[in-house]
Amino acid sequence: MCGIVGIVGREVVAERLVDGLRRLEYRGYDSAGLAGLVDGRIERRRAEGKLQALADLIAAEPLGGVTGIGHTRWATHGAPNTVNAHPHATEHVAVVHNGIIENFRELKDELVARGHVFESETDSEVVAHLVSDGIDNGLSPQDAVAAALRKLRGAFALAMLFAGRDGLLIGARRGSPLAVGFGEGEMFLGSDALALSSWTRRVLYLEEGDWVVLSKAGAQVFDHEDRPAERSIRTVALSPSQIEKGNFRHYMQKEIFEQPQVIGDAIATYLDPATRLPRLPEGGPDWRAVSRLTIVACGTSYYAALVAKYWFEQMARLPAEVDIASEFRYREAPLPTGGAALFVSQSGETADTLAALRYARSQGQFIVALVNVPESSMAREADLVLPILAGPEIGVASTKAFTCQLAVIMCLVLAVARARGTLDGEEEARLCAALSEVPARALEVLNHDEKIREIAGWLSEARDVLYLGRGVTFPVALEGALKLKEISYIHAEGYAAGELKHGPIALIDEQVPVIVLAPHGPLFEKTVSNMQEVLARGGRVVLLSDTKGIATEGRHAAEIIELPVVHAFVTPLLYAIPVQLLAYHTAVAKGTDVDQPRNLAKSVTVE
Ligand code: HGA
């Protein structure tokens, strides 16, 4: 989604603004732009496409100004072209915006009637004209912003620059995150701490409804009722190695290979190393009294939530419903008294999931947030926060966040099962041991990288690919298909293996690779029967199984990937890795933009 940066600096800021935008590239965008204050006047540079186009433009036509703002745009209103690129400006103010101004049409009509001339099709431009209108009427920039904010509906983060007011930036947040960075005689604004990471580690996160006035001397925060507010400054621990590619070709590849480490970190936090029993942060509900768990998420996090449903029901005997956030939020689902709700989101800012969380709160549910960004809105609004500890995830296609979500969910399920007394001691110990072994087994899986790259060679020629799984590997089949679609643009579907004959089997011919996820265990024979149905119709199967599974069925498959033998419950953590690698290598073979796939955004802060 859109990225915002701003600097009140001591020297010309254009290059640093571009550098800040590079750190936000991972969010996905289609155009970019800067505004700087040059001799008191607003000047802009904007370009369609990659940031390099903007960097080239600035090299050809340098942009001055020691105070400036920058933006990467992921279009919601208006085509991704230069005219619609931010910043939007009038003679008084330049604005960058993340989010959607829902009442922009009526505001625009009013402003047009008063003589304002708009140049873009965006909703965002209305903010520039609204603030400008206030300044035209004699208001100070600060008062004009306060007045404009009162009129805006929707979700947004904003940064604004004012003609004739060097050293002044105003930022605002409602629904989309915005952070303030404190430098030495300089101040910064950014969509997240990553954007600010090469300038400062001292960061203040605006709270919902806050707006902030930045000058060289510091920041003054106001709350949603325009009262001066105190917000604490934190020191953010982000090391350069966490946000650089190192020896890897792509962030996605780096993040896939980080999994043994980060899953290990998550498990070490949530499983006591001495007793190997789960330990959760204080403050959970009385799980014995929870009647039902509602789990809500989007995208990859939704697939982690689907695995969670199997685990909660089977291990903790807790009825669980899983919903896609964008559907759940408007469905007005009745939620039971004494219920709890779990929200899963890498960024903790996903607009639909956040809205769903607020709905669940209005229905009296106990709110648990499972997020990768502990300062995020969901973390702040939850009763219990479980950080997944994956470290910054830059690749748009989520990988390590998925497996860390699974690791932490499994620890939560084990803790809930213990509280509810649904697992006997031996089985609990077996499960905890199985989970503790996952990092070592994940390393073994990564050793198949080369083999998977070879298989991806022929997968890259396919037009359609099917993924089949049963039980806890069914959501992994869905995730595998999503990964392939996201980064290689090959059409893929994930199916519950038993559902194949109810429709998708019609798609099978020699041209359609079928990836079968079938760990040996209680469901193996059933899944293999479905694989046979594929083979009988000429389908080409890639079988992901373990030694036992491959010994009995491997000879039928065109390709096999042998995975370690593990407890059935932890198979999703391991089977996720080869499907990530398959998607990765297929995308590389096709030459697509792995880390920034077309049309996609990372943290989806609009509906
Ligand atoms: N609505 C604005 C900004 C979109 C956005 O925030 N995307 O993440 C536009 O379309 O320009």
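Residue by residue through region 149-198, note down the ones that are touching a Gly at 6+ places or on another chain (Cβ under 7 Å), assigned to a loop (DSSP other than H, G, I, E, B), crowded, with 22+ Cβ neighbours inside 10 Å and not small (G, A, S).
The answer is L178, and nothing else.
Could you go through region 386-406 and let me know if any residue there is touching a Phe, Trp or Tyr at 6+ places or on another chain (Cβ under 9 Å), of a type in the set (A, V, I, L, M) and closer than 20 Å to L206 by Cβ.
Checked against the condition, which is being touching a Phe, Trp or Tyr at 6+ places or on another chain (Cβ under 9 Å), of a type in the set (A, V, I, L, M) and closer than 20 Å to L206 by Cβ, region 386-406 yields no hits at all.
Here is a check on your reading of the model: is L161 away from the ligand (no atom under 16 Å from the Cβ), modelled with pLDDT of 95 or more and aliphatic (A, V, I, L, M)?
yes
Can you tell me which residue within region 20-37, out of those that are under 22 Å from G218 (Cα atoms) and either away from the ligand (no atom under 16 Å from the Cβ) or surrounded by fewer than 24 Cβ atoms within 10 Å (Cβ to Cβ) (or both), is modelled with the lowest pLDDT?
Among them, the one singled out is G20.
Quick check on my filter: what residues within region 507-523 are closer than 15 Å to V542 by Cα and either out of contact with any Leu (no Cβ under 9 Å at 6 or more places or on another chain) or assigned to a loop (DSSP other than H, G, I, E, B) (or both)?
Hits for region 507-523 are I508, D509, E510, Q511, V512, A518, P519.
Six or more apart or on different chains, Cβ under 7 Å: which pairs go from a residue in region 244-269 that's closer than 20 Å to G480 by Cβ and among the charged types (D, E, K, R) to one that's modelled with pLDDT under 95 and crowded, with 22+ Cβ neighbours inside 10 Å? Could you list them?
That search, which allows pairs on different chains as well, returns E255/E393; E255/G395.
Restricting the search to region 177-207, which residues are touching a Phe, Trp or Tyr at 6+ places or on another chain (Cβ under 6 Å) and within 23 Å of G28 (Cβ to Cβ)?
Selection gives A179, G181, F188, L196, W199.
Look at Q253 and say whether it is surrounded by 16 or more Cβ atoms within 10 Å (Cβ to Cβ) and assigned to a helix (DSSP H, G or I).
Spelling it out, Q253 is indeed surrounded by 16 or more Cβ atoms within 10 Å (Cβ to Cβ) and assigned to a helix (DSSP H, G or I).
Considering region 450-506 alone, what residues qualify as being assigned to a loop (DSSP other than H, G, I, E, B) and either in contact (Cβ under 8 Å) with a residue 40 or more places away in the chain or within 25 Å of the chain's Cα centre (by Cα) (or both)?
Correct list: S460, A462, R463, R470, Y489, I490.
Enumerate the helices (runs of 4 or more DSSP H) found wholly within region 43-145, keeping only those where 1 or more residues are within 14 Å of the ligand (Cβ to nearest atom) and more than 18 Å from L158 (Cα to Cα).
104-113
The values are calculated or read from the model by the stated rules, or taken from the named source; none is laboratory data. Predicted model, so just to flag it, every value in this text is computed and none were measured. All Cβ positions, glycine included, derive from the backbone under ideal geometry; neighbour counts span all protein chains shown.
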